[in-house]
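J.: Got a structure here, written out as structure tokens. Questions coming.
Here, each number is a calculation from the coordinates, and none is a lab measurement. As the structure is a computational prediction, the values presented were derived from the model and not from experiment. Note: ideal-geometry Cβ built from the backbone for every residue, glycine included; neighbour counts use all protein chains shown.
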Amino acid sequence: MTAPGPAGGRGGEPAGAAAAPAPAGARPRRIRPSRFEVQIALALVLAAAVPLGAALWLASRLAAENLALGLNPRVVARLEATPALYGDLFQARKQLYAEQARALARALPRDAAAIPAFLEAAVRHTPRLRRIAVIDARGEVRAEAENPEPNPEGEWREAPARVPLGAGETLEAVFAVEARFFADLDDARELAEGMAGVEALRAEIQQSYVRAFALLLGAWAVAAGLAGWWLARRTTRRVSDLVRAVRELARGDLRVQVRVGPGGAADEVGQLARAFNTMVDEVRESRDRIVYLEKISGWQEVARRLAHEIKNPLTPILLAFQQLEAHHRERPAADPAFARLLADAGEIVREEIGTLQRLVDEFSGFAKLPEVRPEPADLGEFAEDFARTSPVEGAAVEVARAAGPCPVSLDRALMRRVLQNLVQNAVEAARPAPARVRLGVSRARDRAVLTVSDDGPGVPPELRERVFDPYFTTKAEGTGLGLAIAKKIVLQHGGDISAGAIPEGGSRFTLTFPQREAPPPPAS
Amino acid sequence: MTVRAAAGALPLALLGAAALALGGDAVPVEAGLEARDGRLVASLDLRPAFPDDLRKTFANGLTNVVALQVALLPEHGDAPSAVFGRVLEIRYDVWEERYVVTVRDAASPAGRQLTERSWAGLRRLLSDARDLDLGPAAAVATGSWVVQARVEVNPVSRELLERTREFIANPPSGVRGGAPSRSVLGAMASYLLHGSDGGDSRLFAARPFTAREVRTP
């Protein structure tokens, strides 16, 4: 994601005091996927589709083989034959019971009085005989015996067997058949019918399993594809942001930045974004420096010509006026009024020429700024040295420096002039009260920082950029060159200067310099 | 077009109508046509549909199903004018040694039960298809018409489909004697299971008739 770039920040660091939003940094709303995203999505789809096809083929084979295993024709045939087996069992039981009934009929006593006892004994001794009765031709029971055991839970069913006894009489024997046979028969029939149904629908079942498998796999592939697309989009979006930022950079927008998200800060794309931001910052700072120095050079040329053009006529003007005064002194005027007028004019001319002379001197000084000749120095020691040896009238200068060395390369004379300008500005801003100026020295990453703070009225925010323009001043008698000179000197040191404010309301000028590699400690 | 189908056998009847409309090689059968209370009632002799070799099938002790779809069509047309459906469930009771037949059609959607002691009796019951309501008799007042019948033995009925769906959605668990287990894949497969045109299906057709051949009581 591109984002407004911090003017003073480096490598995606939080914006500094001079940060300004880059209008081209905002990421436009994206509707169409990038080509990179499309390529990744296609790769994911291909990667998912190939094993999907193989898995479907395998699923089809698996379903067919499982159905073949589960629907073994011999097993199905055996299952379907189960009810017939029960039929055979029942037939056998019925024949057995009929034979037993015939045996009982043959053994039935001829003496009617003995029949009840015989029947009672038959019930006791014949397995599964529940009841036995002799029924006459009219259907009336002549004698009977019954097993007294109850059948509360339907544990058996009745199987009657009838044997004619002659003279219209019948021996009726009711045997018991275990009810569990019928329950088992129902279970077997249900299972066999289920299996027959599955057998009839074998091809359809196989297809439905393949369809279900395809559906599940498809859903899984869609979910995986969506997750992959989401993950890919996170990366491709950052790459696309980088591409877009590079395009904006190519169009000349040096404030463009790529946002480094917390999730992707550690990976290669995050490192690339960080490097891009650092590069853009450095390019922008270099360009700003070059632009400012070119502008200052232009203004220096203007100052040089102005100084020349103004300075040249000043001496003839002064000489001419001095001749006029000399001539008037040789011939004392008869007119005392003219003598007074001449004296007043002389005073005005000399005063204005003096003012012009000072202006010319300042222009000349600005136009002839010497080249910076930096030498190794410690910024903290330099600040303390300035506070100690360069007193500025009306200012109390304090120094607060961070512990440890702060090695830089400085042209001490020119940097002293910079500090003098800044302290002088503080003095003039604080008048008539004395100014209290604090010099702070610290380090920030690879930069050495020198701050100059005062407790004056401060610089309005809208003027903090313009105060470094040549000839821009808010003072009645200022030339507007002090801060321009200061900025040029700082830029020539490879540093930067910005105007800000302290929380109490005073101004704070922040000067940053590249830190110099500290010299190795001397060998003992 | 009048389509009157038995409530219980409606899906089968409609399936049958679609199948009947396709025509095909039909076996000729005898048909009797009668106008009863203003409705055309047909009877068919479907003996060719139930050969003796079906005896073993029907006596296997399982529930066997015979689906009968009868359609009334113009002689030169393939869109049925009326369709009648009847489903017979036959189960041989191995204890009682008799056939129990449950007949479902428009007249008895809940089913009426009949019993037959012998294969001959069952065959007679199945072959003698009577009281086949083919819609208003006035529909055949003009033109020449044909009665076609499709007999399917053990077709894939809706009940069978549902039972099979239940079976594959709750397959037996791996443990011997264990209860059926719920299967996600099986549930999806059962949802996606469609019926088939399986089963032993035969097509019959009576000779064309006109209104004059329809008996009136």
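J.: Could you work out, residue by residue across A:205-215, how many beta carbons of other chains sit within 10 Å of that residue's beta carbon, and then give the average as an integer? Display every interim value, and only then the final one.
T.: Numbers: counts 10, 1, 5, 11, 8, 2, 6, 12, 4, 2, 5.
Mean partner-chain Cβ count within 10 Å for A:205-215: 6.
J.: Determine the distance separating the Cα centre of segment B:113-155 from the Cα centre of segment B:36-67; give it in Å without decimals.
T.: Result: 8 Å between the Cα centres.
J.: In peptide B:150-156, what is the residue-averaged number of other protein chain Cβ atoms found within 10 Å of each Cβ?
T.: On the way: counts 0, 0, 0, 0, 3, 1, 4.
Counting Cβ atoms of other protein chains within 10 Å of each residue's Cβ and averaging gives 1.
J.: If you don't mind, there's one more thing I want to ask. Measure off 7 Å from each Cα along the Cα-to-Cβ vector at residue A:433 and residue A:329, then give the distance between these two points in nanometres to one decimal.
T.: Between residue A:433 and residue A:329, the simple spin-label model gives 5.0 nm.
J.: Have a look at segment A:250-311 and give its Rg and Dmax from the Cα atoms, expressed in angstrom.
T.: When restricted to the Cα atoms of segment A:250-311, Rg and Dmax are 19.9, 66 Å.
J.: Between residue A:302 and residue A:111, what is the label-point separation in nm under the 7 Å Cα-to-beta-carbon projection?
T.: 16.0 nm
J.: Here's another thing I want to ask about it. May I ask for the angle, rounded to the nearest 10°, between helix A:179-200 and the longest principal axis of chain A, with both axes built from Cα atoms and the value confined to 0 to 90°?
T.: 50 degrees
J.: Given R₀ = 56 Å, FRET efficiency for residue B:127-residue A:49 by Cβ-Cβ distance, to 0.05?
T.: Details: r = 57 Å, r/R0 = 1.01.
With R0 = 56 Å, the Cβ-Cβ based efficiency is 0.50.
J.: What is the spin-label model distance, in nm, from residue B:100 to residue A:291 if the labels are put 7 Å beyond Cα along the C-beta direction?
T.: Spacing of the two 7 Å Cα→Cβ label points: 10.1 nm.
J.: A further question follows. Mind checking the dipole of segment A:279-367: about its Cα centre, +1 per Lys or Arg Cβ, -1 per Asp or Glu Cβ, Debye to the nearest 20? Present the calculation step by step, with values, prior to reporting the outcome.
T.: Values: 12 positive and 16 negative charges, 41 e Å.
Using only the charged Cβ atoms, the result is roughly 200 debye.
J.: Still on this structure: Over segment A:401-447, how many percent of alpha carbon pairs lie in each 10 Å bin up to the one with the longest distance?
T.: 22, 40, 30, 8
J.: Follow-up question, since we're still on this one. Using a Förster distance of 41 Å, how high is the FRET efficiency between residue A:203 and residue A:95, based on the Cβ-Cβ distance and rounded to 0.05? Spell out each step's value before the answer.
T.: Values: r = 44 Å, r/R0 = 1.07.
Calculated transfer efficiency: 0.40.
J.: Suppose a student asked you for the relative contact order of segment A:279-367, using Cα pairs under 8 Å spaced at least 6 residues apart; what percent would you report? Let's see the in-between values first.
T.: Numbers: 33 pairs, mean separation 50.3, N = 89.
About 56 percent, as a whole number.
J.: Suppose the chain between residue A:413 and residue A:235 were pulled fully straight at 0.36 nm per residue; how much longer would it get relative to their current alpha carbon spacing?
T.: Values: separation 178, 0.36 × 178 = 64.08 nm, distance 5.25 nm.
Contour length minus the Cα-Cα distance gives 58.8 nm.
J.: Would you work out the charge dipole size for the protein assembly as shown about its Cα centre, treating the Cβ of every Lys and Arg as +1 and the Cβ of every Asp and Glu as -1, and quote it to the nearest 20 debye? It would help to have the intermediate numbers written out before the result.
T.: On the way: 93 positive and 92 negative charges, 198 e Å.
Dipole size: approximately 960 debye.
J.: Quick one: helix A:268-330 against the long Cα principal axis of chain A, what's the angle to the nearest 10°, folded into 0 to 90?
T.: Taking Cα atoms only, the helix is inclined about 20 degrees.
J.: Another question, if that's okay. Could you quote the convex hull projected area for chain A, Cα atoms only and averaged over all directions, in nm²?
T.: On the way: hull surface 238.4 nm².
Average projection, Cα convex hull of chain A: 59.6 nm².
J.: Turning to a different aspect of this structure: Per residue of B:57-69, what is the mean number of Cβ atoms on other protein chains within 10 angstrom of that residue's Cβ? List each step's numbers first, then the result.
T.: Values: counts 1, 0, 3, 9, 12, 12, 5, 2, 0, 0, 0, 0, 0.
Average per residue, whole number: 3.
J.: Still on this structure, I have one more. Pull out the extension gain between residue A:146 and residue A:445, defined as 0.36 nm times the separation in residues minus the alpha carbon to alpha carbon distance; nm, one decimal.
T.: Answer, rounded to one decimal: 96.4 nm.
J.: Taking R0 as 22 Å, what's the FRET efficiency between residue A:474 and residue A:502 from their Cβ-Cβ distance, rounded to 0.05?
T.: Values: r = 19 Å, r/R0 = 0.85.
So the FRET efficiency works out to roughly 0.75.
J.: With everything on Cα atoms, drop me the angle between helix A:115-125 and the longest principal axis of chain A, reported from 0 to 90° to the nearest 10.
T.: For helix A:115-125, the angle is close to 40 degrees.
J.: By how many nm would the segment from residue A:345 to residue A:38 grow when fully extended, if each residue of separation counts as 0.36 nm and the alpha-carbon distance is taken off?
T.: On the way: separation 307, 0.36 × 307 = 110.52 nm, distance 8.64 nm.
Additional length available on full extension: 101.9 nm.
J.: Okay, moving on. For every helix of n ≥ 4 consecutive DSSP H residues, a contribution of -39,500 (n - 2.57) applies; sum these over chain A, divide by its total residues, and give [θ] at 222 nm rounded to the nearest 500 deg cm²/dmol. Please report the intermediate quantities before stating the final value.
T.: On the way: 10 runs with 289 residues, N = 524.
For chain A, the value works out to -20000 deg cm²/dmol.
J.: Show which lysines lie in cross-link reach of residue A:488 when reach means a straight Cα distance below 16 angstrom and same-chain residues fewer than eight apart are skipped.
T.: Partners within reach: A:295, A:368.
J.: With only Lys, Arg, Asp and Glu charged, each at its Cβ (+1 for the first two, -1 for the last two), find how big the charge dipole of segment A:378-524 is about the Cα centre; round to the nearest 20 debye. Can you show the working numbers first?
T.: Details: 18 positive and 18 negative charges, 29 e Å.
Using only the charged Cβ atoms, the result is roughly 140 debye.
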